[in-house]
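Remarks on the structure that follows.
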Amino acid sequence: MINVGIIGSGFIGPAHIEALRRMGFVQVVALCDSTLAQAQEKARRLNIPHAYSSVEALLAHPDLHVVHNCTPNHLHAEINRQILRAGKHVFSEKPLCMTPDEARELVALAEQAGVVHGVSFVYRQFAMVRQAASMMRGGSIGRLFAAHGSYLQDWMLLETDYNWRVDAALGGASRAVADIGSHWCDTVQFVTGRRITEVMADLAIVWPTRKASMSGNQTFTHDAHAQYEDKPVTTEDFGSVLFRFDDGSKGSFSVSQVSAGRKNRLTFEINGSERSVAWDQEIPQRLWIGHRAQANQTLSDDPSLMNPDVADSAHFPGGHIEGWPDAFKNMMAQFYRAVQAGAMPDRPAFATFHDGENVMYIIDAIVKSHQQQRWVRVAQ
């Protein structure tokens with residue numbers, strides 16, 4: 001049995017725990033949160049036997065093999081350092097860290113530690129996304145012409161929507177691009193097998209000042225009687241990006257956290273010389289396949305209809321809808337197969353610290369492009 005510790009128990013920590021428990025050979029033995037009382041209460045609710053209030057105490061837990069970093073963005077780098085220095089396998093929420101320099105350092109530390117390292121880019125683990133990637137690798141889409149799409153949400157639509165991610169000191173210099181654009185870039189690079197090498201970005205702040213609840217309540221907990229204080233906003237609500245791949249093909253995407261009615265809509269379309277494919281995360285079991293000289297197709301996530309090399313990412317017969325929690329389980333299964341083997345695979349199907357580093361470089365280039373109003377090359 002593989003023993004796991006979880007650091008952070010907000011929205012995403014329990015999602016990690018639920019996915020791990022579905023696997024059967026992994027047990028979550030310890031939880032760490034900012035105070036011991038909070039950690040004990042969360043551990044009791046989630047049926048985890050041990051609770052800690054410091055990372056050091058959790059890392060000292062006996063016979064601990066893997067640690068998941070599920071903390072807010074500004075804590076990622078230092079906690080990832082601590083996990084690596086303790087010689088534990090590490091799975092980090094994204095972003096990997098806050099700056100490209102931190103990313104470079106963490107990759108070097110992970111390589112030195114010789115541990116298995118992963119980053120939570122979950123969308124590449126959906127069955128139909130893996131099907132699209134398999135089709136690209138197999139040549140059925142043809143030569144890559146272009147990629148385009150968007151990732152749209154509405155949870156920051158109102159002036160009174162406020163969250164720690166708005167504060168650049170806690171969330172980073174970029175918000176919409178770093179928070180959700182990072183997922184879009186990783187997903188499309190995974191599907192196409194190409195790297196984004198240059199960007200031209202235009203970002204927008206629709207609420208230069210937001211009203212934060214003085215009681216500390218954040219987004220999704222609106223109080224009709226709340227008192228607010230004005231908070232200046234320096235991170236983007238919306239952005240559009242033109243980009244170039246390393247093979248010369250091109251693309252574009254938009255990200256928004258202020259698109260009313262869009263809850264979590266990541267979409268992409270890949271255009272090739274033979275056909276196109278398109279996917280929408282809110283109807284994840286369908287892959288649209290576009291043709292020039294015959295009727296278009298919609299492929300469902302039926303394992304018997306998928307390419308054999310990726311059919312194992314759909315777990316039930318066709319028509320039994322699988323979604324985000326199932327992709328999350330796929331991601332954990334890929335990572336923990338490597339943990340069982342005791343080493344990083346030659347070609348990991350899960351996102352690694354290298355992928356996390358790459359996306360940090362893309363985000364940094366996008367921010368610089370907007371500031372300088374020009375094309376910027378992505379660091380390699």
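The values are calculated or read from the model by the stated rules, or taken from the named source; none is laboratory data. All of these numbers come straight from a predicted model, not from anything done at the bench. Note: ideal-geometry Cβ built from the backbone for every residue, glycine included; neighbour counts use all protein chains shown. SASA here: full protein model, heavy atoms, side chains in, ligands and nucleic acids out. Shrake-Rupley method; radii C 1.70, N 1.55, O 1.52, S 1.80 Å.
General observations
- Heavy-atom surface analysis with a 1.4 Å probe gives the range 1-104 a carbon and sulfur content of 53 percent of its accessible area.
- Difference of contour (0.36 nm per residue) and Cα-Cα distance, Asn3 to Glu56: 17.4 nm
- Within the range 263-325, the trypsin sites (Lys or Arg not before Pro) that combine a DSSP coil assignment with at most 16 other C-beta atoms in a 10 angstrom radius are Lys263, Arg292.
- Per residue, the average separation of C-alpha pairs within less than 8 Å and at least 6 apart gives the chain a relative contact order of 20 percent.
- Note on the chain: helix-only mean residue ellipticity at 222 nm, from DSSP H runs of 4+ residues weighted -39500 (n - 2.57) and normalised by residue number, equals -9500 deg cm²/dmol.
- Between Ser300 and Arg374, the modelled label-to-label distance comes to 5.3 nm, taking each label 7 Å out from Cα in the direction of the beta carbon.
- Antiparallel beta bridges, as assigned by DSSP with both residues in the chain, represent about 60 percent of the total such bridges.
- The stretch between Ala226 and Phe145, if pulled fully straight at 0.36 nm per residue, gains 24.0 nm over its current Cα-Cα span.
- With θ taken as phi - 60° and the Karplus curve 6.51 cos²θ - 1.76 cosθ + 1.60 applied, the whole-hertz 3J(HN,Hα) list for the range 297-304 is 10, 10, 9, 9, 7, 8, x, 6 Hz, x standing for glycine and proline.
- Heavy-atom surface of the range 272-378, accessible at 1.4 Å and reported per residue (Å²): 49 Å²
- Put a dot 7 Å past the Cα of Ile283, heading toward its Cβ, do the same for Trp155, and the two dots end up 2.4 nm apart.
- For the range 15-91 and the range 180-202, distance of Cα centres in Å: 30 Å
- Cross-link reach is defined here as a Cα-Cα straight distance under 18 Å, omitting same-chain residues fewer than 8 places apart; for Lys231 the lysines meeting it are Lys211.
- Neighbour cut-off at most 11 other Cβ (10 Å), DSSP loop, trypsin sites (Lys or Arg not before Pro), the range 296-380: Arg374
- Taking the Cα centre of the range 1-79 as origin and assigning +1 to Lys and Arg Cβ atoms and -1 to Asp and Glu Cβ atoms, the resulting dipole is close to 300 debye.
- A simple charge model with +1 on the Cβ of Lys and Arg, -1 on the Cβ of Asp and Glu and nothing else charged puts the dipole of the chain at about 540 debye relative to its Cα centre.
- Each residue of the range 170-179 is assigned a 3J(HN,Hα), and the resulting list reads 9, x, x, 5, 10, 10, 4, 5, 5, 6 Hz, derived from the Karplus form 6.51 cos²θ - 1.76 cosθ + 1.60 (θ = phi - 60°), x at Gly and Pro.
- With θ taken as phi - 60° and the Karplus curve 6.51 cos²θ - 1.76 cosθ + 1.60 applied, the whole-hertz 3J(HN,Hα) list for the range 20-31 is 5, 5, 6, 8, x, 10, 10, 10, 7, 9, 8, 10 Hz, x standing for glycine and proline.
- Selection from Leu31, Pro303, Ala327 lying farthest towards where the dipole of the chain points positive, charges on Cβ: Pro303
- Per residue, in Å², the accessible surface of the range 141-194 once ligands and nucleic acids are set aside, probe 1.4 Å: 30 Å²
- The range 228-330 - percent of accessible surface contributed by carbon and sulfur, probe 1.4 Å: 49 percent
- Largest to smallest accessible area among Phe145, Phe238 [probe 1.4 Å]: Phe145, Phe238
- Against the criterion of solvent-accessible heavy-atom surface with a 1.4 angstrom probe, His291, His74, His320, His225 sort, most first, into His225, His320, His74, His291.
- Of the trypsin sites (Lys or Arg not before Pro) in the range 102-190, those whose Cβ has at most 12 other Cβ within 10 Å and which sit in DSSP loop: Arg143
- The range 14-133 - convex hull of alpha carbons, volume per residue in Å³: 124 Å³
- Size of the chain as Cα extents on the principal axes (Å, biggest first): 64, 50, 40
- Residues within the reach of a label modelled at Lys263 (point 7 angstrom out along Cα to beta-carbon, backbone nitrogen below 11 Å), restricted to the range 280-301, are 282-283.
- Positive-end residue, the range 55-146 charge dipole about Cα centroid, Cβ charges, pick of Gly118, Leu64, Ala77: Gly118
- Its Cα centre serving as origin, the range 1-158 has a Cβ charge dipole (Lys and Arg +1, Asp and Glu -1) of approximately 600 debye.
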